[in-house]
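Okay, so here's the structure we're looking at.
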Amino acid sequence: MTKAIAPVSALLLSVAILLMGNGLQGTLLPVRAQIESFSAFDIGILGSAYFLGFAAGCLLGPFMVRRVGHIRAFTAMVSIASTTVLAHVVLLDPYAWWPLRAVTGFCFAVLYMIIESWLNERATNENRGLVFSVYTIINLTVLTIGQMMMVLGKPSDFLLFALSSILVSLAAVPVAMSKSQEPAPLITVRVRIKYLYRISPVGAAGSFVVGLTNGSFWSLAPFYAQLSGTTTTGIALFMSTAVIAGAAGQWPLGHLSDKWDRRKVIVITSVGAAAAGLGLGLVVRSWSMETFALSMLFGAFALPLYALCAAHMNDFVEPGGFVEASSGLLLLYAGGAVVGPIIASVAMRGMGPGGLFVFTAVAHAAMAMFAIYRMTSRAAPPESARGKFADALRMASAVSVVDTMAGSPGHEHPAGASAPASQNGQPAGEAVTAPGPETRGGTAHGENINEDDRQTDGDHPKPEDR
């Protein structure tokens, strides 16, 4: 294990410090916004702005990295992200916070892209699983630690903002001082959203719905807890309980989906998330241990749902189409995460704090009904044609390098661009993984598949036969 991790130890240290700072910031901002009398709608737009910036980072980040290189781009994004943390506490106005939050989303999309493309290239076929398992553990651990740092000071003071800024700034040091060679230039891929919906309606629609619900949760749940009358420690525990439960729920639900029709597991998970959300909407005025139990149930069902939808999509992707699928799912998630916090904030304004989870309950219930409808419209693929949930976990959290011009006439890769080999020996540089809402192979740049010419036997039947 030591031999496998040593070449990427500096990078993993940067990840730990960076995500600790981001975890603190993500919980701190909604709480401070409420103290400054921001409305629920104002705070909802904060969340939407972050995901809008994140999507922009996925679209534009590769060009920046190509121009200046991974290390320079990384240090630049860290510097900007650190500055924006402090700018929030200097400019206490929602009109200033919205663009600042978008800038933060952009920076972190580029940072994740750099970090994970680097990890993907440094890992070998033999240790790739170990490297990304350690990476995932670090993500979940430090995110929780970052949220719990809320107890170190008062949200109304400067200290917590300074601490978040310091952590983000320090993340640049291990990368800047590392002797590890930079990875090859990023390669981009074209995305066809309509095609992805056609081959897997549940996978595509589910990614959008999860963006609606999870984007709302990350943006407004600290605000919900604060309005419910709990302390700063209670807010941190509320968020951390959901994160830990979401991590614990990934594998049992994923294992179950490998045995059953994945849509059944998606239905069960959506119903569980809807029930937990409805409970949180009802107990909002009586904060107690029951609230933490419901938070745990919500996290256990709602947070793994995106990985289940990705696994379902993965069952229908043709050989070499993984990157397009992961990119499309990311954009669908981001689209939902831009819209969701705004809708949820309107619900909170009309129904009180519980409106957040009433909205997520309605969205999850709608997802369950849609999956049931699709089960009556198309049979599940045979077990031999289904991939493993473990393969889809990295797909589920891919920060994909999306090029809106890819595949168009005259659009070429820059000289020297190349993709590192994936564990299947196919290009993997077109997409890299990120935490979260957290690669089995790749597709050639600009690949344009004639859907009528696909093979119709073996493990990849035509979409209409699935």
Close pairs (7 angstrom Cβ cut-off, 6 or more residues apart or separate chains): more than 9 Å from residue 82 (Cα to Cα) in the range 160-176, modelled with pLDDT under 95 and among the polar types (S, T, N, Q) anywhere: 171/14; 172/75; 174/14; 175/14; 176/75
Only listed residue being surrounded by fewer than 18 Cβ atoms within 10 Å (Cβ to Cβ) and hydroxyl-bearing (Ser, Thr, Tyr), chosen from 288, 295, 257: 288
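Give the residues of the range 66-107 that are acidic (Asp, Glu) and within 17 Å of residue 14 (Cβ to Cβ), sorted by residue number. Talk me through it step by step, then tell me what you get.
We begin by selecting, within the range 66-107, every residue acidic (Asp, Glu); these are 93.
Residues satisfying the conditions do not exist here.
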The listed residue being within 19 Å of the chain's Cα centre (by Cα) and farther than 24 Å from residue 222 by Cβ, out of 329, 305: 329
Test: residue in the range 322-332 that is over 23 Å from residue 48 (Cβ atoms), at pLDDT below 95 and surrounded by fewer than 21 Cβ atoms within 10 Å (Cβ to Cβ): no
Residue pairs meeting the criteria (Cβ under 6 Å; at least 6 apart or on separate chains; first modelled with pLDDT of 95 or more and part of a helix (DSSP H, G or I), in the range 351-365; second among the basic types (Lys, Arg) and surrounded by fewer than 21 Cβ atoms within 10 Å (Cβ to Cβ)): none
Meets criteria (surrounded by fewer than 21 Cβ atoms within 10 Å (Cβ to Cβ), in a helix (DSSP H, G or I) and of a type in the set (Gly, Ala, Ser)) for residue 272: yes
Where a residue in the range 28-42 is over 14 Å from residue 91 (Cα atoms) and part of a helix (DSSP H, G or I) and its partner, wherever it lies, is among the aromatic types (Phe, Trp, Tyr) and at pLDDT 90 or above, with Cβ under 6 Å and at least six apart: 30/223; 34/223
Filtered residue count, the range 57-77, keeping only those that are outside any helix (DSSP H, G or I) and under 16 Å from residue 102 (Cα atoms): 0
Complete set of residues in the range 212-270 that are under 20 Å from the mean Cα position of the chain (by Cα) and of a type in the set (Ser, Thr, Tyr): 213, 216, 219, 240, 241, 269, 270
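The values are calculated or read from the model by the stated rules, or taken from the named source; none is laboratory data. This is a predicted model, so every value here is computed, not measured. A quick note on method: Cβ atoms are made from the backbone with ideal geometry, for glycine too, and the neighbour counts reach across all protein chains shown.
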